[in-house]
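Some notes on the structure that comes next.
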Amino acid sequence: MPAAAARRVRPWGTRQRPSDRGPAESNRVAPSQQSLEHRILLTATLCLLAFGAVMVYSASSATSLLRGQGNGSGYLVKFVAYGAIGLVIMHVLARDGVAKVQRLVAPLLGVSFALVLAVHVPHVGVAVNGARRWIGPGSLQFQPSELLKLALVLYTATLLAGRSPSGSARLAVGRSEVGQRELTRPLLVVVGGACLLVATEPDLGTAMVIAFTTAALLVAAGVSPRNLAIIAGSVLGVVALYALARPYARARLTSFLDPWAHASGSGFQAVQGQIAIGSGGLLGVGPGESVQKIFYLPEAPTDFIFAVIAEELGVVGVCALLFLYGLIAYAGLRAAKAARSLYSALIAVGTTALILSQAILNVFAVLGLAPLTGVPLPFVSYGSSSLIVMLAAMGLLLNVAAGGTAHVRAVAPSRRRRGRPSSRSGDARAREPARWSRDGNTEEDRDSRGRYRGARGARAGGGRRAAG
């Protein structure tokens, strides 16, 4: 069997990796070769964006006309514009985003923290509805906490995968309690500080999303249940103390427990949202026919767009929306399971948890199952910062689902030494994290040695096939 034919032999049902393809193929995955997870994620994201554009227009057009703000399509135009910017970023990151952002973790985290700190500076941060969360002039306002969420996902994945942001090697999380403590201590300091800064804006919703996403990454990295219980107890204690100390948080918690008792005050939004959901029934009152969005429901295009969906499209529309998020959960976790490295797997888990935790928190808040937190519905609610950052996170998830983290240069088997790792350029190795395995060797090295022995046996007439 020729050497080229020996390299093409793969076990049935295994996915072709970029390192198994030629130089021209390894840099890009053809659409016909994209994995099922990649296609599911892309389809679900585009469906949610299209659905969101329709519902943003429905939720905002009537109130815009009544207030004399143009022809009622202002929110829709902005949603489409910011969505287009996010799609461009998603496309760029879906190609080789994991390899690119790995070198930018520390700068991105530093810039995110600096922007969140700038929000608290008088005359720099912009206060809206009593919360100081935005920065920037006019319609170009940006919410730094949205960028901080994604930066923390990248930082946590980098730390737990055994690599520091500066690129130096570290002990990966896993087997010993000492190793876990060494890595979780700096993680808790950084994540805890971020949650504290965000919560004082106040923005409890974003702080909760950061906490849930970090917990998912710790579980995926194999942190022991004992350490997880200690971390969870510490976080809950801090949240309880904060809620008791701040009147704003205390009012939100009180209205969550009994919103109808505070229907004219802090529970007004929750009550109106529940009325909108109950008015929809099975099939809804019809697209554009919601009454609550015009006169009663505050922040209908953003925080309470789920209530508008439930009123206009009923249970059927809600189930369709939740089905799309379920597809993202299914495909995202499958992409993490099939990832080429521990780092890529943690990126997939982190981005999936980031999207789903925000969606679940928004839905639960509107249904009255969680306190109102002001978290937008991913890909559906109007919000420039959230929309762009969520599409960037989806780009990273699509890159992991496509199976590529860095460009690989193929080397002829005849030039490899037996028992040595495959010859790659130092630049390629710096861009791509090693494929994680339990025995300390990378799976790619073992795969390369197997292909080399198979090709050598084929040339010698031994009839052996390559393992890769």
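The values are calculated or read from the model by the stated rules, or taken from the named source; none is laboratory data. The structure presented is a predicted model; accordingly, all values stated were derived computationally and were not measured. Counting neighbours? That spans all protein chains shown, and the Cβs are built from the backbone with ideal geometry, glycine included.
For the structure I just gave you, tell me whether residue 173 is modelled with pLDDT under 80, within 24 Å of residue 360 (Cβ to Cβ) and more than 20 Å from the chain's Cα centre (by Cα).
No; evaluated as a whole, the condition is false for this residue.
Residue 342 is checked against (1) within 30 Å of residue 101 (Cα to Cα); (2) out of contact with any Phe, Trp or Tyr (no Cβ under 8 Å at 6 or more places or on another chain); (3) buried (at least 23 other Cβ atoms within 10 Å of the Cβ) and fails just one. What number does that condition carry?
(2)
Listed residues 305, 275, 309, 294; which is at pLDDT below 90, touching a helix residue (DSSP H, G or I) at 6+ places or on another chain (Cβ under 8 Å) and among the aliphatic types (A, V, I, L, M)?
294
Name the residues in the range 293-305 that are in a helix (DSSP H, G or I) and buried (at least 24 other Cβ atoms within 10 Å of the Cβ), would you?
293, 305
Quick check on my filter: what residues within the range 216-244 are surrounded by 18 or more Cβ atoms within 10 Å (Cβ to Cβ) and not in a loop (DSSP other than H, G, I, E, B)? Walk me through how you get there before you give the answer.
At the first step, the residues of the range 216-244 found to be surrounded by 18 or more Cβ atoms within 10 Å (Cβ to Cβ) are 216-218, 220-221, 223, 231, 235, 239, 242-243.
If the condition is that a residue be surrounded by 18 or more Cβ atoms within 10 Å (Cβ to Cβ) and not in a loop (DSSP other than H, G, I, E, B), then 216, 217, 218, 220, 221, 231, 235, 239, 242, 243 are the ones that fit.
Of a type outside the set (S, T, N, Q), in contact with a Leu (Cβ under 7 Å, 6 or more places away or on another chain), within 25 Å of residue 144 (Cβ to Cβ) and in a helix (DSSP H, G or I): does that describe residue 110?
Answer is no for this residue.
So for the range 63-70 (the condition being touching a residue at least 40 places away in the same chain (Cβ under 8 Å), more than 30 Å from residue 401 (Cβ to Cβ) and part of a helix (DSSP H, G or I)), does at least one residue qualify?
There is at least one residue in the range 63-70 that is touching a residue at least 40 places away in the same chain (Cβ under 8 Å), more than 30 Å from residue 401 (Cβ to Cβ) and part of a helix (DSSP H, G or I).
Among the residues of the range 309-329, which ones are touching a Leu at 6+ places or on another chain (Cβ under 7 Å) and not small (Gly, Ala, Ser)?
Looking only at the range 309-329, we keep the residues that are touching a Leu at 6+ places or on another chain (Cβ under 7 Å), and these are 309, 314-316, 324-325, 328-329.
Answer for the range 309-329, where residues must be touching a Leu at 6+ places or on another chain (Cβ under 7 Å) and not small (Gly, Ala, Ser): 309, 315, 316, 324, 325, 328.
Answer yes or no as to whether residue 226 is modelled with pLDDT under 85, within 21 Å of residue 159 (Cβ to Cβ) and of a type in the set (D, E, K, R).
Yes, satisfied.
Sort through 325, 343, 382, 330 and tell me the only one that's at pLDDT 90 or above, outside any helix (DSSP H, G or I), on the phi < 0 side of the Ramachandran plot and aromatic (Phe, Trp, Tyr).
That would be 382, the only listed residue that is at pLDDT 90 or above, outside any helix (DSSP H, G or I), on the phi < 0 side of the Ramachandran plot and aromatic (Phe, Trp, Tyr).
Determine, yes or no, whether residue 125 is over 17 Å from the mean Cα position of the chain (by Cα), in the same structural domain as residue 350 (by TED's automatic domain parsing) and surrounded by 14 or more Cβ atoms within 10 Å (Cβ to Cβ).
Answer is yes for this residue.
Return the only residue of 101, 111, 128, 119 being β-branched (Val, Ile, Thr) and more than 16 Å from residue 389 (Cβ to Cβ).
128
Of everything in the range 362-379, what is buried (at least 24 other Cβ atoms within 10 Å of the Cβ), of a type in the set (A, V, I, L, M, F, W, C) and assigned to a helix (DSSP H, G or I)? Give them in sequence order.
365, 366
If we scan the range 77-98, do we find a residue that is outside any loop (DSSP other than H, G, I, E, B), in contact with a His (Cβ under 8 Å, 6 or more places away or on another chain) and either within 16 Å of residue 154 (Cα to Cα) or touching a residue at least 40 places away in the same chain (Cβ under 8 Å) (or both)?
yes
Any residue in the range 252-270 that is over 15 Å from residue 313 (Cβ atoms), in contact with a Phe, Trp or Tyr (Cβ under 6 Å, 6 or more places away or on another chain) and polar (S, T, N, Q)?
No, every residue in the range 252-270 fails to be over 15 Å from residue 313 (Cβ atoms), in contact with a Phe, Trp or Tyr (Cβ under 6 Å, 6 or more places away or on another chain) and polar (S, T, N, Q).
Would you mind telling me which numbered condition in (1) at pLDDT below 85; (2) assigned to a helix (DSSP H, G or I); (3) surrounded by 15 or more Cβ atoms within 10 Å (Cβ to Cβ) residue 202 fails?
Single failed check for residue 202: (2).
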